[in-house]
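The structure appears right after this line, and notes come after that.
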Amino acid sequence: MSSLRLPIETDHLVLRPFERGDLDAVRRYHTLPSVQRYVERPTRYEEDVAAALAVMRSQVELHRPGETLTLAMVRRGDALLVGHVSLKWSDAKAGQGELRFAIDPAQSGKGYLTQALTAMIDLAFDHFRIHRLMVRCDGRSHHSIKLMQKLGMRLEAHYREHALFQGEWDEELHFAMLDREWRPTAKVQDLPVRARVA
């Protein structure tokens with residue numbers, strides 16, 4: 001496997017490692033109640049955001065199972081940080097990975113997550129040779145559900161009332177995709193034409 005080249009550019013984004021100076025931008029969306037439901041660790045206070053940023057800054061490579069690569073989603077042109085995407089290598093033997101994401105609600109609906117997740121799926125399947133990717137999302141997040149369907153992921157599980165969050169039951173959906181299902185036409189190559197022998 002060749003070394004990972006960062007940043008990754010899409011039509012409207014630059015996906016890059018987090019930097020120390022990203023603290024205010026991360027605080028802007030990470031502390032919102034609508035985002036808190038989806039982040040790995042609570043970030044209600046200044047020190048929580050700083051700790052979350054420190055973790056994300058350290059997640060820059062995938063060498064062994066359990067590691068996570070987290071990239072800031074930065075808008076091209078004005079360099080506004082709009083959210084982040086992560087790829088976790090869950091299991092080496094079975095080639096399992098998990099995608100996670102969070103976006104500033106003020107920036108959702110603009111196609112940024114579609115571009116960022118497409119780039120991360122390419123990275124997972126083509127660079128890291130992951131066999132199966134999964135994504136969790138809230139059963140009430142119609143935008144996330146539509147996005148997973150748009151990306152070609154299939155619903156594999158629906159966990160009803162599986163956890164309490166601020167006094168409410170969570171509904172969690174699991175979507176997944178195999179490497180051969182991602183752009184299958186790109187994986188099939190035509191054989192060269194040969195002269196007939198008989």
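The values are calculated or read from the model by the stated rules, or taken from the named source; none is laboratory data. Quantities reported herein were computed from a predicted structural model and do not represent experimental measurements. Areas reflect the complete protein model, heavy atoms only, side chains present, ligands, DNA and RNA absent. Shrake-Rupley method; radii C 1.70, N 1.55, O 1.52, S 1.80 Å.
Below are the figures for this structure:
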{"item": "Euclidean distance between Cα centres, the range 103-121 to the range 127-154, Å", "result": "12"}
{"item": "Stokes-Einstein diffusion coefficient of the range 33-75, Kirkwood radius over Cα pairs, 10 °C, 1.306 mPa s, in µm²/s", "result": "135"}
{"item": "Accessible surface, the chain, averaged per residue in Å² (probe 1.4 Å)", "result": "59"}
{"item": "All Cα pairs of the chain, percent lying beyond 27 Å", "result": "32"}
{"item": "Cα shape, the range 1-78, gyration tensor, a/c 1.5 rule", "result": "oblate"}
{"item": "The range 61-176 shape via C-alpha gyration tensor axes, a/c threshold 1.5", "result": "oblate"}
{"item": "Heavy-atom accessible surface of the range 27-178: percent carbon and sulfur, 1.4 Å", "result": "51"}
{"item": "DSSP-defined beta bridges in the chain - what % are antiparallel, rounded to 5", "result": "90"}
{"item": "Radius of gyration and maximum dimension Dmax of the range 119-178, Cα, Å", "result": "13.2, 41"}
